[in-house]
Amino acid sequence: MNKRLLTIDDEEAIQIVIKFGIKMVAGWEVLSASNGKTGIVTAQRELPDAILLDVMMPEMDGIATFKALQANPITAGIPVIFLTAKAQAAEKRQFNDLGIRGVITKPFNSLDLPDRISKILDW
Amino acid sequence: MKILLIEDDDAIVTLLTRSLSDQHHIVDAVNDGEMGWTYASTFDYGAIVLDIMLPKLDGISLCKKLRGAGYTTPILLLTSQDNATAKVQGLDAGADDYVVKPFDISELTARVRALLRRSSINPLPLLSWGDLMLNPSSCEVSYNQQPLTLTTKEYDLLELFLRDSYRVFSNDEIIDRLWSSDDYPAEATVRSHLRRLRHKLQAVGAPPDFIGTMHGRGYYLTSVQNALDATHRHVVGAIHELPLPHDCDRDNFQPIHSSQQQAAYLAFLQDTWVTTKPQCLVSLAEIEIVVDLLLLGNCNDDDRQAAHQISHKLVGTLGVFALTAAMKIARQIEILLNRSTILSSQAALSLKTYVVELGQAIATTDPSQQTDIPQPDLPLLLLIDLDPALNQSLTAIAANFSYQTIVLASIEAADRYLFSSGDRPPAAILVNFRVPQTTLGLIQNVRLRFPERLVFVLSERDDLKDRLAVIRNGGKFICTRKLNPEQIFTAAISRLAPISTTPKVMIVDDDLDWLRTVPNLLQPWGLKITTLADPQQFWDVLQSVQPDAIVLDIQMPEINGLELCQVLRSDPQWQQLPILFLSVSNDPLSQQAAFKAGADDYLCKPMMGSELADRIRHRLARLTSRDCTN
């Protein structure tokens, strides 16, 4: 079951590590975008199976990016998983209200990501 | 349950932390009101124990602030004023209960239990679910009246489920509730604790799915008599709205990554870290500029917010590179840079200290040094709670013998490591006997999870009771009083070597006819024989053959067998070697002399090959069995 993921994270090192881990364990294709705007364009063009979205990014943060993805009929159906350092209580409430599919907290071992994503998205 | 303790008196913090931990609570302790606010508004707690007289922000104000912001966590106030006004003021500020100092510790823990009870769905003092009973007061658990022995985490998990028995708890929720805020356990750790809890429940007759899995959502107590309607559940956080069929098998599947994958991943992290490290140092330099401005009282909110974001990013990056120690320092910086934390000059100074420490941590570590992702292939030795100097010596000695060591500061840390160690368990474990009960618990856990692994308990004290306790729990006792690190290492490693399938036996005898025939006599019984007629060459041959057992004649020219035996017994490497004497003398005095010199057995010529082989095998078997029970 080959999948295509899009990671939107302004930390290039994290993008690289995620890509390496997922590709090695599951062989999935991983596309990357380093900010919200580029991520939205990539999502429209590539229609990935899921998006891993960093919450805290400069300019357009994860929540704004998620709202923009939801507002666009082309990308609204793509499941989104937030990547965040240990989520704060207030953030959690906000995430719940938004309707995201799940949260993966940093730090994570990238080798575990395919399994965690599969569980969240019931793949 | 996780408790936040906000108290500036160190003695009370120590006392309460110990007492609450004894009651299976996880305690986060902070010593001023502002840190109390930061923690209470960041993490989930079952209850807050809050002193009124606190630096920076007093308990009453903090209580009002929390209630004003909508936090409903039960609060127990600690007050030194035993008058109605103080109590009314506290309760009006939103506290749920109060205790007057000096307090009786058992009363305080009972009040905490009562608060937890009131805030849980299950308000009864005894928690139950079907045939399962948990008594939070005595910490006893039974299923169908059969007592259950649980580890702290297993107990905590069960209590969490029982307190809110219709709820589905996600992995993150469980980690938030049951691990200290400074701990970042892997999800596999939670799964591992759950799996063992399920096994223990099943062993006393509970159904296999007593704790069910809602795939992709979390864990819950399954219906008693299947009467519970799935629609009654609410999923924590409501992230997932539609319940899906649970899938125990899927849950029990843990991603096992091969050593090659782990090794490739580690190598990749190291390579990537080379280019990431300078970026982290640049980020830290940006933070340091803001910290310096803060120290000068010259920092605006925007700069501080920006530095806070950078520190937040650093936490994530360092964590993904498995640099746990550095990540924890970055986390402290992130908390202090949060705009809602009012910084005193002292806190600003400690911020500066954290920045310097983080700089050193980033500059001097790389992913290969982290215990989270150990080096592949070399056998692992876990060194737990040992003195730093001994850790250092053992690590150096181990490296010479191609062993890798992992140093863990506490048994708690060892538990976490062991239950997330996946496909690479340690070859052996060396642990200090500092806290006997906890150490024995570790031995039991290791035996459950890795029955073939050895736990060596090191103790300065040479006490029969200690030895018995260790042996009865399946560990091995090493008294370190007269041993240097090399001897400690040898004592452990020598017992790891599996008994050779073809044991090597060295036979020393000046009877050349006997030496010519003996190999043919013994080889059919699976023994590899080396013979030696000249005792002068004994030591050289011994070192080169490294025999598993030795057979000595008594009477030999120049050096007799008794002397060789004494030489062997006086050397630590050969103290355990099985030594058999084979002699034409069958007089009691010769036998006595042989045993006095350190012999394990005494045989008389002539002797059948099968009988000699049998006696040698018997000694080897005794040695192995002694190793397994020592």
So the angle from the long Cα axis of helix B:187-203 to the longest Cα principal axis of chain B, reported in degrees to the nearest 10, equals 70 degrees
Percent antiparallel among DSSP beta bridges confined to the protein assembly as shown, rounded to 5, stands at 15 percent
FRET efficiency for B:Q146 and B:V584 from the Cβ-Cβ distance with R0 = 41 Å, rounded to 0.05, comes out at 0.05
Taking a crude spin-label model, label points 7 Å out from Cα along the C-beta direction, the A:Q70 to B:E460 distance in nm is 6.1 nm
PRE zone check, label point 7 Å out along Cα-to-Cβ of B:D271, amide N under 16 Å, scope the stretch A:1-44, hits A:13-25
In whole angstrom, the spacing between the Cα centers of the stretch B:500-561 and the stretch B:1-53 equals 68 Å
Given the candidates B:T109, B:L386, B:S137, the one whose Cα lies deepest towards the positive end of the charge dipole of chain B, counting +1 at each Lys or Arg C-beta and -1 at each Asp or Glu C-beta, is B:S137
Answer in debye to the nearest 20: the dipole magnitude of the stretch B:268-333 about its Cα centre, from +1 Lys/Arg and -1 Asp/Glu charges placed on Cβ, is 320 debye
For the stretch A:7-101, the dipole about the Cα centre with charges only on Cβ (Lys and Arg +1, Asp and Glu -1), to the nearest 20 debye, works out at 260 debye
Taking placed amide H atoms and a strict 5 Å upper bound, the residues 5 or more places from B:T405 or on another chain that come that close are B:L381
Across the alpha-carbon set of chain B, Rg over Rh with Rh taken as the Kirkwood radius works out to 1.08
Among GluC sites (Glu not before Pro) in the stretch B:397-490, those in a DSSP loop whose Cβ has at most 14 other Cβ atoms within 10 Å are B:E452, B:E460
Projecting the Cα atoms of B:N484, B:A549, B:V455 onto the charge dipole of the stretch B:445-555, where Lys and Arg contribute +1 and Asp and Glu -1 at Cβ, the residue farthest towards the positive end is B:V455
Burial-style ranking of A:3-9, A:22-28, B:72-78, average other-beta-carbon count within 10 Å with highest first, yields A:3-9, B:72-78, A:22-28
For the pair B:S80 and B:T364, the simple spin-label estimate (label points 7 Å beyond Cα toward Cβ) gives in nm 4.0 nm
Asserting the computed 222 nm helical MRE of chain B (DSSP H runs at least 4 long, -39500 (n - 2.57) per run, divided by residue count, to nearest 500) equals -15500 deg cm²/dmol
As a percent rounded to 5, the proportion of antiparallel DSSP bridges among beta bridges in chain B is 20 percent
Per its Cα gyration tensor (rounded if a/c is under 1.5, else prolate when a/b beats b/c, else oblate), chain A is best filed as rounded
Taking B:V320, B:V88, B:V541 and counting other beta carbon atoms within 10 angstrom, the fewest-first order is B:V88, B:V541, B:V320
Within the set A:A33, A:A76, A:A43, GNM on chain A using Cα springs under 10 Å gives the largest fluctuation to A:A76
When B:C604, B:C479, B:C565 are ranked with the fewest other C-beta atoms within 10 Å first, the list becomes B:C604, B:C479, B:C565
Once normalised by the length of the stretch B:1-62, the mean sequence separation of its alpha carbon contacts under 8 Å that are 6 or more apart gives a contact order in percent of 44 percent
Fewest to most Cβ atoms within 10 Å: B:W525, B:W514 sort as B:W525, B:W514
Highest GNM mean-square fluctuation among A:K37, A:K19, A:K67, for chain A with Cα springs under 10 Å, belongs to A:K67
With +1 on the Cβ of every Lys and Arg and -1 on the Cβ of every Asp and Glu, the dipole magnitude of the protein assembly as shown about its Cα centre, in debye rounded to the nearest 20, is 1380 debye
Projected onto the charge dipole of the protein assembly as shown (unit charges on the beta-carbon of Lys, Arg, Asp and Glu, signs +1, +1, -1, -1), the Cα from B:A306, B:A594, B:A427 with the largest positive-side position is that of B:A427
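No value in this document is a laboratory result; all are computed from the given coordinates. What you see is a predicted model, and the numbers here were worked out from it, not measured in a lab. Heads up, the Cβs are rebuilt from the backbone with ideal geometry, glycines too, and the neighbour counts pull from every protein chain shown.
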